[in-house]
Each structure stands twice: as C-alpha cells, then as structure tokens.
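The values are calculated or read from the model by the stated rules, or taken from the named source; none is laboratory data. What you are looking at is a predicted structure, and each value in this text was computed from that prediction instead of being measured. A quick note on method: Cβ atoms are made from the backbone with ideal geometry, for glycine too, and the neighbour counts reach across all protein chains shown.
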Amino acid sequence: MPNNTQIAKEAIEEFDRIQDYMMSCEDKDSVLYQKMKRRYMTLKAILTASGVNLTEIDYVKEK
C-alpha cells in the first residue's frame, strides 16, 4: 500500500504532466483541452487538500 509521500509524489508528477499537455494544446475550446482542464482541476483540488503549496508548480493557473 502506498504511503502519503508516494501518493503526493505521483499526484504532483501527474499535475506537472497535465499542465505540459495543456500548454501544448493550441485550441483551448477543444473537447480534449476541456477534458485535460477537468483532470487539472481535480488534481489541483487533491493537492490543495493534501497541503501541497501550488505556488511554484502551478504554471497554467486555470480556474
């Protein structure tokens, strides 16, 4: 069973990865971008609830 540090590490890595994908997407209105944004928002909520400071790692800054 993964510990909290491992879970946080994986969520941070996925958060970084989804932001890279979002930044490469040219059409912000596309269905694909909207799906990525939904995952981004979910990860952002999980990391925030876990006490991770997103100031340095959130470079997309979507709302």
Notebook entry, point to check: Name the residues in segment 39-59 that are out of contact with any helix residue (DSSP H, G or I) (no Cβ under 8 Å at 6 or more places or on another chain) and either within 15 Å of Glu10 (Cβ to Cβ) or loosely packed, with under 11 Cβ neighbours inside 10 Å (or both), would you?
Noted result: Thr42, Ala45, Ala49, Gly51, Asn53, Thr55, Glu56
Next item on the list: Would you check which residues across segment 32-55 are hydroxyl-bearing (Ser, Thr, Tyr), in a helix (DSSP H, G or I) and touching a residue at least 24 places away in the same chain (Cβ under 8 Å) and list them?
Entry: Tyr40
Next item on the list: Kindly provide the set of residues from segment 1-12 that are at pLDDT 90 or above and closer than 14 Å to Lys44 by Cβ, ordered by number.
Entry: Ala11, Ile12
Checklist line | Failed item, numbered, when Asp29 is tested on (1) modelled with pLDDT of 95 or more; (2) in a helix (DSSP H, G or I) | finding: (2)
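Is there a residue being assigned to a loop (DSSP other than H, G, I, E, B) and surrounded by 10 or more Cβ atoms within 10 Å (Cβ to Cβ) anywhere in segment 5-23? Write out each step before concluding.
Step one: list which residues in segment 5-23 are assigned to a loop (DSSP other than H, G, I, E, B), which gives none.
No; the residues of segment 5-23 include none that is assigned to a loop (DSSP other than H, G, I, E, B) and surrounded by 10 or more Cβ atoms within 10 Å (Cβ to Cβ).
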